[in-house]
Every structure is written in C-alpha cells, then in structure tokens.
Amino acid sequence: VQLQASGGGSVQAGGSLRLSCAVSGRTVSSYNMAWFRQAPGKEREFVGDISRSASTNYADSVKGRFTISRDSAKNTLYLQMDSLKPQDTAVYYCAADRSIGFVSARRTAYDYWGQGTQVTVSS
C-alpha cells in the first residue's frame, strides 16, 4: 500500500486548502484512515479520521473548520480545510490502518503513512 499526499501550500489566515491522499494497493474505503499534522518542535497530532463506514471524527481544534471525505472512484482521501489559522501551520500526513478494528485517533494504530505535505498559514 502506498499513500501519496498532495495539495499543501501557503495561504493567508481565513483561507482554504484541500489536501489529497491518493491510495494505491487497495480501495480507500477498505481502510480506516486519518490525517495527522506535525508543527516544528511539536509532536505529531491527530486531526481527524474516517472509518470504513464513512463516519468521521475530528480534533476539537479543527472541528467545524475541517472536513474529511473520500472518493472511491478516484481512490483518494481528502481533507478540506476552511477558515485556516496560523496555528494550523504544519506538515500534514495521511495514514491508513490495515486492521479490521475500530477507527482510532492514536498515531500508533496506523500502519501506512504518506510522505507529508506542508501547509503554511500567514496572519
């Protein structure tokens, strides 16, 4: 399985970006998947996840601003980010869990990771 993240860039506060994560090897809906992010000098933190049944869950810091979705025809996971804030600046990673268990916000639950894409939000 390979995950290829893309769509990062620089945007002003209040703007929007959409990140993509192309999945190869199996269908995107066969995994529990998640987005994490890591700011300089900080731990990698959970952003949100989507289960095989397409239920979603978000960190409090992004709830109401970020939306996770997937397109099975394109085999791609998305992270729509609206109302961006400077504190959203980080490298964003997509991840996939190969187990058949419940979706998790724990970093250690995920087996496959994309390479990361940089998001920079200026004030």
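Key figures for this structure:
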read-out: Residue satisfying condition, being part of a loop (DSSP other than H, G, I, E, B), out of contact with any Cys (no Cβ under 6 Å at 6 or more places or on another chain) and open to solvent by 10 Å² or more (accessible area, probe 1.4 Å), within set VAL91, VAL103; value: VAL103
read-out: Failed condition for GLN118, given (1) in a strand (DSSP E or B); (2) surrounded by 13 or more Cβ atoms within 10 Å (Cβ to Cβ); value: (2)
read-out: Unmet criterion (only one of (1) part of a strand (DSSP E or B); (2) of a type outside the set (Ser, Thr, Tyr); (3) touching a helix residue (DSSP H, G or I) at 6+ places or on another chain (Cβ under 9 Å)) for ARG18; value: (3)
read-out: Identity of the residue in the range 70-89, hydrophobic (A, V, I, L, M, F, W, C) and touching a strand residue (DSSP E or B) at 6+ places or on another chain (Cβ under 6 Å), that ends up nearest to VAL11 (Cα to Cα); value: LEU84
read-out: Among residues of the range 36-66, those that are within 18 Å of GLY15 (Cα to Cα) and surrounded by fewer than 17 Cβ atoms within 10 Å (Cβ to Cβ), counted; value: 4
read-out: Which numbered condition LEU84 misses (of (1) open to solvent by less than 70 Å² (accessible area, probe 1.4 Å); (2) of a type outside the set (Val, Ile, Thr); (3) part of a loop (DSSP other than H, G, I, E, B); (4) modelled with pLDDT under 95); value: (4)
read-out: The range 69-81, subset outside any loop (DSSP other than H, G, I, E, B) and either among the basic types (Lys, Arg) or open to solvent by 10 Å² or more (accessible area, probe 1.4 Å) (or both), residue farthest from ALA54 (Cα to Cα); value: GLN80
read-out: Restricting the range 21-35 to residues that are in a loop (DSSP other than H, G, I, E, B) and on the phi < 0 side of the Ramachandran plot, the residue that is surrounded by the most Cβ atoms within 10 Å (Cβ to Cβ); value: TYR31
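The values are calculated or read from the model by the stated rules, or taken from the named source; none is laboratory data. Quantities reported herein were computed from a predicted structural model and do not represent experimental measurements. Counting neighbours? That spans all protein chains shown, and the Cβs are built from the backbone with ideal geometry, glycine included. We work out accessible area using only protein heavy atoms, side chains counted, and drop any ligands, DNA or RNA first. Shrake-Rupley method; radii C 1.70, N 1.55, O 1.52, S 1.80 Å.
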